[in-house]
Amino acid sequence: MSRVTHMAILGGRANEVLTRSVAGAMDMDPVQCTVENFPDDELRIEIHENLRGRNVYIFQPFGPPVAERILECLLLADASRRAGAAKVVGVVPYLGYARQDRRAYGREPVSVRLVADLLSNRFDRIVSIDVHNAAMEGFFSVPLEHLSAVPLLVKKLQPVVMDDSIIVAPDLGAVKLAERYAHALDLPVAYIHKIRTSGEDVSVRRIIGDVQDRFPIIIDDMISTGGTIASAFQALSERGCRQEMIIAASHGLFAGNAVKRLAELPVRKIFVTDSIYHATSDIPLPLEVVGLDIILAEVIQRLDDAGSLSEYLFHQ
Ligand code: R5P
């Protein structure tokens, strides 16, 4: 009979820095493995340590290039299973494809459902953070531990909040998230009704709430191209808000022209977590990156010890 002797931390290429810092916080080293591309671009994975009987935690956020990161993660899980791992847990701090959770028009896939099926096929459990829509837990046939970075971001916001600050949900999907921030910071909240017009652009239909002379703190689950933030700020300005803002988002993808777009706006500070790796010194923005390592290390330890995760879970 095999006995679980220890856990193993394994990482794909998406965020090796985060994998190392979580492992470091647990006084461990990530498992040695090779992840590379063959000349024809196929992926090649090889794990260089014995995983037999171990609980393996595979770290891989699904940032760009998203499809390759997903496949890499699945191949790592497959290799771990075949190597005799007792349990394989996917730690996917940012769940790419989560926005594609319904058919907005005809003849589209429900893409995140497919991603959830693929993950559920290879993992015993998934851990993720501030997933775009909490209801998508139902797409997974294995348990999804849905954590939240909001308490970490709230701690960063506390010292910069002013009497005239207002939390702004830049779209209706962010309403519940905004209410959590507003409650934690004891601030009023305004909501924006946004329509997406393309992958990069959105248009604002209306604002609910009085933003006149208020200092906006725009919150969101993610910043991708920055289009949502840019149109939210333009609409808020037209309603007389103060000409500066703070942004807080769990996942900073900064795709496409996001950096240029945000650099043209009067941003005092942007808080994001390190779910997506960036060499921050290359980003000319007032960015403050909040580390997820301590929380992830604690959550993994508790998963391994059958401890409670309630204080870290996303609550509506
Ligand atoms: C959308 O519903 C999300 O919550 C974000 O608002 C959106 O994905 C951000 O994308 P972008 O920065 O490209 O506007």
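Given the criterion within 13 Å of the ligand (Cβ to nearest atom) and touching a strand residue (DSSP E or B) at 6+ places or on another chain (Cβ under 7 Å), identify the matching residue among 230, 249, 235. The match here is 249. Of a type in the set (A, V, I, L, M) and closer than 18 Å to residue 130 by Cβ: is that true of residue 295 in this structure? Criteria met by residue 295. Of the candidates 299, 289, the single residue that is more than 16 Å from the ligand (Cβ to nearest atom), part of a helix (DSSP H, G or I) and either among the aromatic types (Phe, Trp, Tyr) or within 22 Å of the chain's Cα centre (by Cα) (or both) is 299. Selection of first residues in segment 281-295 that are over 19 Å from residue 60 (Cβ atoms) and touching a residue at least 60 places away in the same chain (Cβ under 8 Å) and of second residues that are open to solvent by 30 Å² or more (accessible area, probe 1.4 Å) and in a loop (DSSP other than H, G, I, E, B), restricted to Cβ pairs under 9 Å at least 6 apart or on distinct chains, gives the following pairs, ordered by first then second residue: 290/274. Only residues that are within 20 Å of the chain's Cα centre (by Cα) and open to solvent by 20 Å² or more (accessible area, probe 1.4 Å) were counted across segment 146-170, and they come to 4. For segment 146-162, filtering for residues that are in a loop (DSSP other than H, G, I, E, B) and out of contact with any Leu (no Cβ under 6 Å at 6 or more places or on another chain) leaves 3. All but one of (1) away from the ligand (no atom under 16 Å from the Cβ); (2) open to solvent by 40 Å² or more (accessible area, probe 1.4 Å); (3) within 23 Å of residue 274 (Cβ to Cβ) hold for residue 180, so report the exception by its number. Answer for residue 180: the failing condition is (1).
Looking at segment 6-18, which of the residues that are farther than 17 Å from residue 75 by Cα and open to solvent by less than 40 Å² (accessible area, probe 1.4 Å) is modelled with the lowest pLDDT? Taking the candidates together, the pick is 7. The C-beta contact set for segment 158-172 (first residue within 15 Å of the ligand (Cβ to nearest atom), second residue open to solvent by less than 40 Å² (accessible area, probe 1.4 Å) and not in a strand (DSSP E or B), distance under 6 angstrom, 6+ apart or interchain) comprises 167/178; 167/181; 167/182; 167/187; 169/175; 169/178; 170/228; 170/232. Counting only strands (runs of 3 or more DSSP E) wholly contained in segment 187-280, the ones carrying 1 or more residues that are open to solvent by 50 Å² or more (accessible area, probe 1.4 Å) and over 30 Å from residue 17 (Cβ atoms) occupy 189-196, 202-208.
The values are calculated or read from the model by the stated rules, or taken from the named source; none is laboratory data. None of the values given here were measured: they were computed from a predicted structure. With ideal geometry, Cβ positions are generated from the backbone for all residues, glycine too; neighbour counts draw on all protein chains shown. Keep in mind that these areas ignore ligands, DNA and RNA; they rest on the heavy atoms of the full protein, side chains included. Shrake-Rupley method; radii C 1.70, N 1.55, O 1.52, S 1.80 Å.
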